[in-house]
1. Confirm whether residue 360 is under 20 Å from residue 78 (Cα atoms) and modelled with pLDDT of 95 or more.
2. Looking only at the stretch 262-283, which residues are of a type in the set (A, V, I, L, M) and open to solvent by less than 10 Å² (accessible area, probe 1.4 Å)?
3. Output the residues belonging to the stretch 208-225 that are outside any helix (DSSP H, G or I) and closer than 19 Å to residue 331 by Cα.
4. Considering the stretch 297-329 alone, what residues qualify as being under 25 Å from residue 270 (Cα atoms) and without any contact (Cβ under 8 Å) to a residue 60 or more places away in the chain?
5. Check 330, 312, 346 and return the single one that is crowded, with 24+ Cβ neighbours inside 10 Å and in contact with a Gly (Cβ under 7 Å, 6 or more places away or on another chain).
6. When the residues of the stretch 52-79 are narrowed to those that are over 20 Å from residue 21 (Cα atoms) and part of a helix (DSSP H, G or I), which ends up most open to solvent (accessible area, probe 1.4 Å)?
7. So, in the stretch 345-366, exactly how many residues are touching a Leu at 6+ places or on another chain (Cβ under 6 Å) and of a type outside the set (S, T, N, Q)?
8. Which residues, counting only those in the stretch 239-297, are small (Gly, Ala, Ser) and either under 26 Å from residue 227 (Cβ atoms) or in contact with a Phe, Trp or Tyr (Cβ under 7 Å, 6 or more places away or on another chain) (or both)?
Amino acid sequence: MEEAVHKAGKKTVDWVLVFIIVVLVLFGFLMVYSSSYPDGYYKFNGDPFYFLKKQVIAAVIGMTGMIFFANIPYKIYSRFNKVILVACVGFALLTVIMGIASNGAQRWINIGGITFQPSEIIKIGGVLYMADYFDRNRKNMSSFTKGFIPSMVFIGVFCGLIAMQDDLSTAIILGGTLMVMFFCAGARLSHLFLLVGAAVAGVVVMIAMQPYRITRIIVFFDPFKYKQDQGWQIIQSLYALGTGGLFGMGIGKSRQKFFYLPEAYNDFIFSIIGEELGFIGCVFIMLGFVVFAWRGLRISMNTEDFFGSQTALGLTTLVLVQFMIHVAVATSSMPPTGRALPFISAGGSSLMFLLCSMGILLNISKYSNTYRS
């Protein structure tokens, strides 16, 4: 009887997770249009729908990919772990060799007329590869020489592939995600403290290597001292959140998006949400991600296959860490860094690959015991 119920559960995805993903994406359409129409109108030939159209196209492609990957048995990725590793290394090298520079960083490549960020692929590849690695070596995870050292090497490789593209924030997101997976795979707390220490040391070194990163740290502690230059973005973000109050100024009524707050439709879209929908709107968005976390982690905990459990944990954590960093930057709780709000911020390749990765998570949900009473 129990086996029959489990088999029945395999026939459907987690529809609550599907619902929350679709709601966040649709809400993203509204906020991308609201926060970007001044830029679209004045910078792209009077087209206020410029960014919205790109977002809708990316979402349609991403949703198609999500449906496709939701129907591919997730265990197939463990058979191609070496291919995944080689592909990640290849994309990183392509970015260094033939990458397109944007905003002072070379993080994009163009293949066949399609421009995208390889770091988005490397994030997903890193989760899939490490999930398989932890599955094959879980008996050794408590060992320093057989578990900790090799895990450190692989985590360092994937984070390094992204860091070499001058994308420290994405490397931190992936590193944090892989450390969570490592801990849940059976790592000792003492080893984990060493890993965190090594990660902090690595971040400090990466910051010290780039003067603009040092400047960001200095400005973070007193943005109003640099309000006319480096502190401008942080201050305008705080103005937006403060102006919104409890209920906000209303959809479309933001003032900061009129060229006061740079990247209002991307890196600081949470600030515009706060300005137009107020504290209540921000709370509802955060509740949406709480529901996402609940369903994603529930899938991970109820999946008996260790590879599937680790993959679900990693894909869920990737979204949550990026969400927390975006909100922390918008509220000046951490130094500014360019991070989109998952599912909501404008961004073609990031939204497409994110939705494709959600397809993998949904496929895992078919095989979890979530539906077992």
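1. Details: under 20 Å from residue 78 (Cα atoms): yes; modelled with pLDDT of 95 or more: yes.
For residue 360, the condition - under 20 Å from residue 78 (Cα atoms) and modelled with pLDDT of 95 or more - is met.
2. 264, 269, 272, 273
3. 222
4. Hits for the stretch 297-329 are 297, 316, 319, 320, 323, 324, 326, 327, 328.
5. It is 312.
6. Ranking the qualifying residues of the stretch 52-79, first place goes to 79.
7. The total comes to 1.
8. Of all residues in the stretch 239-297, those small (Gly, Ala, Ser) come to 240, 242, 244-245, 248, 250, 252, 254, 264, 271, 274, 278, 281, 288, 293, 296.
Answer for the stretch 239-297, where residues must be small (Gly, Ala, Ser) and either under 26 Å from residue 227 (Cβ atoms) or in contact with a Phe, Trp or Tyr (Cβ under 7 Å, 6 or more places away or on another chain) (or both): 240, 242, 244, 245, 248, 254, 264, 271, 274, 278.
The values are calculated or read from the model by the stated rules, or taken from the named source; none is laboratory data. Note that the structure is predicted; figures quoted are calculated from it, not measured. Neighbour counts run over all protein chains shown; Cβ positions are idealised from the backbone, glycine included. To get the accessible areas, we keep the full protein, side chains included, count just its heavy atoms, and leave off ligands, DNA and RNA. Shrake-Rupley method; radii C 1.70, N 1.55, O 1.52, S 1.80 Å.
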